[in-house]
Amino acid sequence: MAEFMEGYQQRKGAVVAPFHPKEVARLKALRDLGILDTPQEGRFDAITRMVASAFDAPMVMVSLVDEDRQWFKSCVGLNVREMTRDLAFCAHTILENRALIVEDTLVDPRFIDHPLVRGEPYVRFYAGIPIYSQEGLPLGTLCLIDDKPRHFNIAQEQQLQAYARLVEIELTMAPLLRRDRQVYKSMALLDAQTGFANKDGLFVTVEEVLRDDYRQQHCAVMSVRLHPPRRADQSVLAKSHEALLSLPLDFSPLGEEHNYFVARSDEREISILYFYEAELDSDELYSTMTRVLDNDNIDKNHEGGISCCWIEHVGRFGSANELYQYIDSFHLRHRGRDEASASLIHQRLSVRHRLRSHLPRALSETGISVFYQPKVYAESLELAGLEALMRWQDTAVDGVSPLDILDVADDMGIQGELAQYLLKTTLSQVSIWHHAGLLEGLRVSINVASEQLCADDFPNMVETLLDEFQMPGEVLEFEILERSLIEDMELASYNINLIRKRGVTFALDDFGTGYSALSYLNAIQLDSLKIDRSFIVAMGLERKSAALVSSIITLAQNADLEVIAEGVETDEQRNTLCRFGCDVLQGYLMDPAINAVEASKRLRERDYYRRDLH
């Protein structure tokens, strides 16, 4: 007992905790935050209310231990803002370097005669988690109190730690991002409901990250967006939103060596910036993501669900606007796809993490092959052309989709190398077909990202490869993948016109999703338009979707554009599209993507589908 009580003093019936070994530095860190004696804020009150509800606790506080007092930034169930330090349970907690759990104060020698135990508010249970500064110094605690003894298990302690980490996020942010909170308020950079930064606040923060003197910092970003179904029940939506806003709580156990910046970047989107000293523990990260995203309150049906964008290196982007355009286009691409559950998101993120170390080698060792999906004329069912599609062949990483390859190449900044590899590989095969006389009147289409269209050297690369393989441009078509907004429309249009002079045509892919805007039809010279598969699937489900497809076809044909429908899988879809006047069909009803040998057979038997489907 004497050894346990060493260093403590007795005062007013309370055992007074000694000062922290680094008290001077601790107090400086606390005061440097500029938070003492500031008004109550919703961002902290929201946390204490959630803790009170989660633990059914009558009293919850965010407590900061000053030189001679304990001051409460937020408090539930106790109508005071401060008390003397010698009475503070939390003064004991900051000495522990771990949680302090007192399940019954009447059996703990430090608190058995404490005035707040023997008198109001009759504290019988205390649980406090230290809150640390960026330097690792304890500033205070997140604590909960009850007037009845309790048992507190390890799972409950870990849950309370998660809430404490969120308090730390709000208190300290990251070392490079410390700023007077009033600046954020005056600039309207806070979300009123949550106290997190809003989209403007996120942009201001990212721009600071991208300043030259901060580019050596490791910074990643995760963005989670809800995609509610079209006719969602409002109570379901409310629960989904509540679960979304709680995500930062669940991610905080990733480790104290990380710093976080949380933003509510949209009504249905949370973005979290991570600042870290060394490489992230990907296994821990992915398992945490799975646990968090597997939330029963987030609706995950096939019409909506959630999408999760993870970017490991923010510094590769030129601006906050460029970063968010990428994030936005990612969510749009993944809406309604087969990744709207936690397990599938975990699988995709794990695949993409492994892919990062294998993709550069695959480009040099033919780890990516090109398959070809046939297109057929809707009326005659004769072959109309082929689309070149990449397929992952390296068995070191399984389950890689073309979208994975594109996303990882973007994240690694090697999309230019990937594009050149695919173009050269495709043209090598196309030249064989051309010189064998198999492509007369047909074109092979290749996907090109909108970013490539704005590259100064793109027209020259295309011309060089056409000359190398001794091919006319008339056998080639580029399908513009709108993975992000075409920022320099004038340059894109200029490059397209240069390439068109060689006889190459251009199609707008995935029309109706992402950034595909009607204005593009006037801004750039196109030859055809591809209706996204999501519209084709929805035709049989909603009359409105069918009417929309019909309108798109009419619009395109009035603009002298050929219309291609992708994702055609049933005879019903084919018949409907024929009735609407669609020109060309592409999808599993005819053929999946096939290898070059099978594609050669289709080129030799152009009426293959007419015989097969009739």
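The values are calculated or read from the model by the stated rules, or taken from the named source; none is laboratory data. These numbers were taken from a predicted model, which means no experiment stands behind them. Heads up, the Cβs are rebuilt from the backbone with ideal geometry, glycines too, and the neighbour counts pull from every protein chain shown. When the accessible area is computed, the model is the full protein with side chains, heavy atoms only, and any ligands, DNA or RNA have been set aside. Shrake-Rupley method; radii C 1.70, N 1.55, O 1.52, S 1.80 Å.
The alpha carbons of region 369-516 stretch over 41, 40, 35 Å along the principal axes, in descending order. Taking every protein chain into account, the 1.4 Å probe leaves Trp71 with about 10 Å² of accessible area, to the nearest ten.
Extending 7 Å from the Cα toward the beta-carbon at both Thr38 and Glu474 defines two label points whose distance is 7.0 nm.
FRET efficiency for the Asn97 to Ala52 pair, using the beta carbon distance and R₀ = 30 Å, is estimated at 0.70. Using the Cβ of Pro459 as centre and a radius below 12 Å, the other residues enclosed give a net charge of 0, where K and R count +1 and D and E count -1.
For Arg354, the solvent-accessible surface computed with a 1.4 Å probe is close to 100 Å², ligands and nucleic acids excluded.
Here the extension length gained between Ala436 and Cys578 equals 47.9 nm, from 0.36 nm per residue of separation less the Cα-Cα distance. Probing with 1.4 Å while keeping every protein chain in the model, the per residue accessible area of region 54-153 equals 37 Å². Extension gain for Lys544 to Glu82 (0.36 nm times residue separation, less C-alpha to C-alpha distance): 160.2 nm.
If R0 is 25 Å, the Cβ-Cβ spacing of Asp488 and Gln420 corresponds to a FRET efficiency of close to 0.75. Note on surface exposure: Tyr377, Tyr274, Tyr494 rank Tyr494, Tyr377, Tyr274 by accessible area, highest first, 1.4 Å probe. Taking 20 °C and 1.002 mPa s as conditions, region 19-69 diffuses translationally at an estimated 167 µm²/s according to Stokes-Einstein applied to its Kirkwood radius (Cα pairs).
Taking Cβ atoms as reference points and 13 Å as the exclusive limit, the residues near Ser63 contribute a net charge of +2, counting Lys and Arg as +1 and Asp and Glu as -1. Packing, taken as the mean count of other beta carbons within 10 Å per residue, orders the peptides 158-164, 562-568 from highest to lowest as 562-568, 158-164. Using R0 = 22 Å, the C-beta based FRET efficiency linking Leu403 and Glu365 works out to 0.50.
Placing Arg225, Arg606 in order of accessible area, with the largest value first and a 1.4 Å probe, yields Arg606, Arg225. Accessible surface computed residue by residue for region 373-516, with neighbouring protein chains in place and a 1.4 Å probe, gives 38 Å² per residue. For Lys601, the accessible surface of its heavy atoms amounts to roughly 90 Å² (probe 1.4 Å, protein chains only, rounded to the nearest 10). Classification of region 21-138 by its C-alpha gyration tensor yields an oblate form. The axis ratio a/c (a ≥ b ≥ c) is 1.5 or more, and b/c is at least a/b. Going by accessible surface with a 1.4 Å probe and the largest first, His435, His151, His358 read His151, His435, His358. Determine the alpha carbon to alpha carbon distance for each of Lys22/Lys148; Lys28/Lys199; Lys424/Lys544; Lys28/Lys148; Lys424/Lys530; Lys199/Lys544 and list only those over 30 Å. In this structure, Lys22/Lys148; Lys28/Lys199; Lys424/Lys544; Lys28/Lys148; Lys199/Lys544 exceed 30 Å between Cα atoms. Extension gain for Arg500 to Ala155 (0.36 nm times residue separation, less C-alpha to C-alpha distance): 117.8 nm.
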